[in-house]
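The values are calculated or read from the model by the stated rules, or taken from the named source; none is laboratory data. As the structure is a prediction and not an experimental result, all values here were calculated from the model. Backbone-built Cβ (ideal geometry, glycine too); neighbour counts: all protein chains shown. Accessible surface is based on the protein model in full, side chains and every heavy atom, while ligands, DNA and RNA are left aside. Shrake-Rupley method; radii C 1.70, N 1.55, O 1.52, S 1.80 Å.
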Amino acid sequence: MTDVTILLLNIDEKLEIKKLVEFISQNIISSQIYIASNKKINLFNQNVKNYIFENTTNDEALNTIIKDVQSDKIIVVRKISNFDDMLKVYHGLKKSNQICVLSKKTNSVCKFFEKITNYITQFLLGYNFLHASLGIVGFARDATAVLKQLSNASTYTKIDKWVGIEIVRIETQKLEKVKFKPKVTKDFLRIALYTSLIIVPIISWIFIEAIQKYAMLQLLCVFFIVLFVCLAFIQAILLYVKFKVGDNTHKQGEIKISKRRKNEKSKNRN
């Protein structure tokens, strides 16, 4: 029986797939390997399923192939340089209600800012950051069962919105920083709009005499200035979150071909 499924997200071609598959096969015997890529990878290994996508992101690919997972545990790999880190995450999943991540020790100043960001994101979005590397994240049975039911499973592999789940943090010297490419054009346009709307009441106050004479008009200008400053600040926070964890997408990728589907077709022909 397969103990863990390892999802290698390689749409952006950042992973050394052949070396990774060899390492996993030698060190995690009871594993199933799913590879998301944009071209065929020739690997003669019965425990490997290669999903080939077209015009898809890693997140959309994850949302698609996670439905095929049959094991109790999942390890999501987006970026890795030290293969032993994968073993640390795998062995760190000892209970059914755990998520395992790699993190570094932080000083009191960093912890203070983490608390501030947690407070802001929890208030605005209802979740916290994992404050760990998103290069490798492991999920035990309970978390895996939830992920397989979600349409936006990719998002839940990058944030802490879990209840009753223990986050296991394994210390490492080097963290893999994953860069996301979210869609941010609308966010920048909104920030530009709010900035313009902040300037309008200020200029009106300076050049319109009626505003200078009446306190009520001045209060109205102050109200609009404060309102648009708050909206611009909130939009800037949302933009920061997008760069931090990427888009929250419910989309699934279009599978061009997969090893699994090939096998199914050959069986049907027989």
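Of note:
- Candidate residues 226, 76, 168: accessible-area rank, largest first, probe 1.4 Å: 226, 168, 76
- Straight-line cross-link partners of residue 251 among the lysines, defined as a Cα under 17 Å from its Cα and at least 8 positions apart when in the same chain: 67, 148, 158, 181, 183, 242.
- Its DSSP H runs of at least 4 residues, each contributing -39,500 (n - 2.57), put the calculated 222 nm mean residue ellipticity of the chain at -15000 deg cm²/dmol, to the nearest 500.
- Convex hull volume of the C-alpha atoms in the range 51-143, normalised per residue: 150 Å³.
- Probe 1.4 Å - accessible area at residue 256, Å² to nearest ten: 130 Å²
- Between the range 162-196 and the range 24-53, the C-alpha centres lie 28 angstrom from each other.
- Counting only heavy atoms of the protein chains and using a 1.4 Å probe, residue 225 has close to 40 Å² of accessible surface.
- Rh by Kirkwood over Cα pairs, then Stokes-Einstein D for the range 149-197 at 0.890 mPa s and 25 °C, µm²/s: 164 µm²/s
- In the range 146-252, inverting the average of 1/r over every pair of distinct C-alpha atoms gives 17.7 Å as the Kirkwood radius.
- q = 0.15 Å⁻¹: log10 I(q)/I(0) that the Debye formula gives for the chain, counting C-alpha atoms only: -1.10
- For residue 128, neighbours were defined as the other residues whose beta-carbon sits under 14 Å from its Cβ, and their charges (Lys and Arg +1, Asp and Glu -1) total +4.
- Antiparallel bridge percentage (DSSP; both residues within the range 1-160; nearest 5): 35 percent
- Rolling a 1.4 Å probe over the protein heavy atoms gives the chain an accessible area of 58 Å² per residue.
- Carbon plus sulfur fraction of accessible area for the range 138-204, probe 1.4 Å, in percent: 59 percent
- Within the accessible area of the range 1-100 (1.4 Å probe), percent carbon and sulfur: 45 percent
- Note on exposure: 194, 51 ranked by accessible area (1.4 Å probe, complete protein assembly) read 194, 51, with the most exposed listed first.
- Residue 210 versus residue 38: modelled label distance in nm, points set 7 Å from Cα along the beta carbon direction: 5.7 nm
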